[in-house]
1. Within the set of pairs 6+ apart or on separate chains, which have a first residue in the range B:119-143 that is over 21 Å from residue B:104 (Cβ atoms), a second that is polar (S, T, N, Q) and crowded, with 18+ Cβ neighbours inside 10 Å, and C-beta atoms under 8 Å apart?
2. If I filter the range B:137-165 down to residues being touching a helix residue (DSSP H, G or I) at 6+ places or on another chain (Cβ under 9 Å) and among the aliphatic types (A, V, I, L, M), which single residue comes out as farthest from residue B:107 (Cα to Cα)?
3. Can you go through A:74, A:85 and tell me which one is farther than 25 Å from residue A:24 by Cβ, within 14 Å of chain B (Cβ to nearest Cβ) and touching a helix residue (DSSP H, G or I) at 6+ places or on another chain (Cβ under 6 Å)?
4. Among A:47, A:43, A:24, A:52, which is modelled with pLDDT of 85 or more, within 15 Å of residue A:148 (Cβ to Cβ) and of a type outside the set (A, V, I, L, M, F, W, C)?
5. Residue by residue through the range B:1-33, note down the ones that are within 16 Å of the chain's Cα centre (by Cα) and either without any contact (Cβ under 8 Å) to a residue 12 or more places away in the chain or surrounded by 17 or more Cβ atoms within 10 Å (Cβ to Cβ) (or both).
6. Any residue in the range B:107-125 that is more than 30 Å from residue A:92 (Cβ to Cβ) and among the β-branched types (Val, Ile, Thr)?
7. Return only the number of the condition from (1) surrounded by 21 or more Cβ atoms within 10 Å (Cβ to Cβ); (2) hydrophobic (A, V, I, L, M, F, W, C); (3) more than 11 Å from chain B (Cβ to nearest Cβ); (4) without any contact (Cβ under 8 Å) to a residue 40 or more places away in the chain that residue A:142 does not satisfy.
8. Please go through the range A:9-48 and give me each residue that is buried (at least 16 other Cβ atoms within 10 Å of the Cβ), part of a loop (DSSP other than H, G, I, E, B) and touching a Pro at 6+ places or on another chain (Cβ under 9 Å), ordered by number.
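The values are calculated or read from the model by the stated rules, or taken from the named source; none is laboratory data. Everything numeric in this text was worked out from a predicted model, so none of it was measured. As a convention, Cβ positions derive from the backbone with ideal geometry for all residues, glycine included, and neighbour counts pool all protein chains shown.
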Amino acid sequence: MAIVELPENVRVTKLDELVGWCRSYSLWPMPYATACCGIELMSTGASRTDISRFGAEVFRFSPRQCDLMIVAGRVVMKMLPVLQRIWQQMLEPKWCISMGACCSTGGVFDTYSVVQGIDRFMPVDVYVPGCPPRPEQLIQSIVDLQAKIQQENKIFGQQFDAPSRQRPKRALIEKTNS
Amino acid sequence: MTEPSTIEALKAAHSDLTFSEFRGQTRVVVPLASIHDVLTTLKEQLGFDYLVDVTCVDYLEYRDAADRFGMVYLLARVETNERITVRTFVNDPEPTVPSVVDLWEGANWLEREVWDLFGIRFDGHPDLRRIVLPDAFQAHPLRKDYPLQGRGERHNFPVLTRAEG
């Protein structure tokens with residue numbers, strides 16, 4: 001077999017990795033900002049921290065045009081059906097960042113109306129701790145998500161078929177104390 | 001604060017009123033039967049044209065409390081900057097007070113909020129629906145006998161997975 005020498009500016013890769021590379025650097029965030037985390041989300045998009053350096057600056061307010069949902073702030077029980085509906089309206093492949101303590105766990109709001117972590121009811125890829133997280137933390141989560149997309153991406157989305165991705169992270173739902 | 005002349009006029013118009021004062025704020029406790037008449041007097045004759053708030057307190061297991069719910073009407077008179085707090089008490093079962101929407105339009109949503117969170121019915125309210133919580137919600141969560149973490153309402157949702165997304 002003849003060995004072909006490639007020119008310097010030519011690379012050989014797998015199609016999956018190429019697609020993952022493209023996807024990870026053109027994330028289109030859907031800002032689902034319900035509380036103070038939303039303010040940090042806005043400042044992440046503003047000029048000082050400038051999320052566009054990481055290829056994710058175009059916030060779209062239509063779920064049809066997004067592939068990254070950033071849930072920023074507490075989600076109450078009246079809001080969760082709306083959140084789920086927006087998530088279902090987004091096109092595959094899609095990812096979700098759970099930003100802040102309230103969104104990830106309910107935070108200090110352990111009351112009847114606040115959902116104790118959105119990952120009980122929908123898939124979450126990256127969690128950001130903090131109350132609210134600094135913009136740097138959100139940017140780190142986007143960098144982490146980019147690495148995740150590049151590592152596991154398949155062009156037909158087979159990575160989402162794995163059993164571990166089929167169920168929410170916390171399958172255990174509290175028993176109702178009726 | 002409330003002008004002494006206002007208090008005198010209110011005393012002259014109605015009996016059975018209990019006045020008290022705390023840090024310059026006048027409170028008047030009214031029997032449930034005459035609450036609407038007293039509020040009518042305050043609005044029509046004494047010029048309290050602004051309803052600041054309608055709210056409620058649950059006195060379940062409160063020390064020395066004789067009644068379950070205490071209704072609170074905060075009134076203001078824009079012309080003289082007077083304020084007055086009107087209170088009345090209602091009890092289980094089916095705590096009901098007359099609506100004041102006919103006096104102040106703005107009471108509409110305030111009374112809906114009290115109905116939503118405390119379960120106080122308002123007789124004569126044009127549209128007594130829940131205002132904050134979902135329509136399907138069963139309880140009135142600011143009542144003291146409602147558990148802080150609810151009765152499982154926050155867990156009662158379908159679980160979305162990747163395959164369904």
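1. From the range B:119-143, the pairs are B:133/A:113; B:141/A:113.
2. Our first condition is that a residue be touching a helix residue (DSSP H, G or I) at 6+ places or on another chain (Cβ under 9 Å); within the range B:137-165, this holds for B:137-143, B:154-155, B:157-165.
Still in the list and also among the aliphatic types (A, V, I, L, M): B:139, B:142, B:159-160, B:163.
Numbers: B:139: 22, B:142: 19, B:159: 39, B:160: 40, B:163: 48 Å.
Ranking the qualifying residues of the range B:137-165, first place goes to B:163.
3. Working: A:85 fails: touching a helix residue (DSSP H, G or I) at 6+ places or on another chain (Cβ under 6 Å).
Going through A:74, A:85 in turn, just one is farther than 25 Å from residue A:24 by Cβ, within 14 Å of chain B (Cβ to nearest Cβ) and touching a helix residue (DSSP H, G or I) at 6+ places or on another chain (Cβ under 6 Å): A:74.
4. Details: A:47 fails: within 15 Å of residue A:148 (Cβ to Cβ); A:43 fails: within 15 Å of residue A:148 (Cβ to Cβ); A:52 fails: within 15 Å of residue A:148 (Cβ to Cβ).
Unique residue meeting the criteria: A:24.
5. Looking only at the range B:1-33, we keep the residues that are within 16 Å of the chain's Cα centre (by Cα), and these are B:27-33.
Answer for the range B:1-33, where residues must be within 16 Å of the chain's Cα centre (by Cα) and either without any contact (Cβ under 8 Å) to a residue 12 or more places away in the chain or surrounded by 17 or more Cβ atoms within 10 Å (Cβ to Cβ) (or both): B:28, B:30, B:33.
6. Of the range B:107-125, the ones more than 30 Å from residue A:92 (Cβ to Cβ) are B:107-125.
With among the β-branched types (Val, Ile, Thr) added as a condition, the list becomes B:114, B:120.
Yes, the conditions are met somewhere in the range B:107-125.
7. So residue A:142 meets the others, but not (4).
8. Once the filter is applied, which keeps residues that are buried (at least 16 other Cβ atoms within 10 Å of the Cβ), part of a loop (DSSP other than H, G, I, E, B) and touching a Pro at 6+ places or on another chain (Cβ under 9 Å), the range A:9-48 yields only A:35.
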